[in-house]
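The values are calculated or read from the model by the stated rules, or taken from the named source; none is laboratory data. Worth saying up front: this structure is predicted, and the values here are computed from it rather than measured. Because the Cβ atoms are built from the backbone with ideal geometry, glycine has one as well, and the counts that use them run over all protein chains shown.
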Amino acid sequence: MFGDMMNMMGKLKEAQKKVEETKKRLDSVLVDETSSDNKLKVSLTANRTIKSIEIDDELLNDKEQLEDYLILTLNRAIEKATKINESELAAAAKDGMPNIPGMDMFK
């Protein structure tokens with residue numbers, strides 16, 4: 001029984017290490033989103049850190065329109081990045097988790 005517990009603890013540490021490695025890797029995964037008319041482009045990491053914003057000069061003349069574009073485009077990019085982030089971290093955690101009866105959280 002004690003050996004099983006030590007084995008489980010080892011697997012939990014391994015799972016934690018995989019999750020941390022995945023978090024670091026997601027810093028280099030870029031998500032790009034562009035407005036429907038290509039006047040605004042944003043790029044962020046899968047960890048949701050904004051890396052760049054490209055704005056068409058036409059949008060600089062209308063503050064309210066630019067704000068709307070930023071909100072819509074950034075929200076879509078963040079949504080994509082979040083889906084990638086959650087799916088990658090869940091896969092990393094599931095791969096390293098020991099099989100504990102009743103603890104099938106990652107189905």
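A few comments on the model shown:
- Close pairs from the stretch 51-66: first over 10 Å from Leu40 (Cβ atoms), partner surrounded by 10 or more Cβ atoms within 10 Å (Cβ to Cβ), Cβ under 6 Å, at least 6 apart: Lys51/Ser43; Lys51/Leu44; Ser52/Ser43
For (1) more than 25 Å from Lys39 (Cα to Cα); (2) within 16 Å of the chain's Cα centre (by Cα); (3) at pLDDT 95 or above, each residue gets a yes or a no:
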site: Ile71; (1), (2), (3): no, no, yes
site: Leu74; (1), (2), (3): no, yes, yes
site: Thr82; (1), (2), (3): no, yes, yes
site: Gly102; (1), (2), (3): yes, no, no
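- Residue satisfying all of: in the stretch 40-54; in contact with a helix residue (DSSP H, G or I) (Cβ under 7 Å, 6 or more places away or on another chain) and β-branched (Val, Ile, Thr); surrounded by the fewest Cβ atoms within 10 Å (Cβ to Cβ) among these: Thr45
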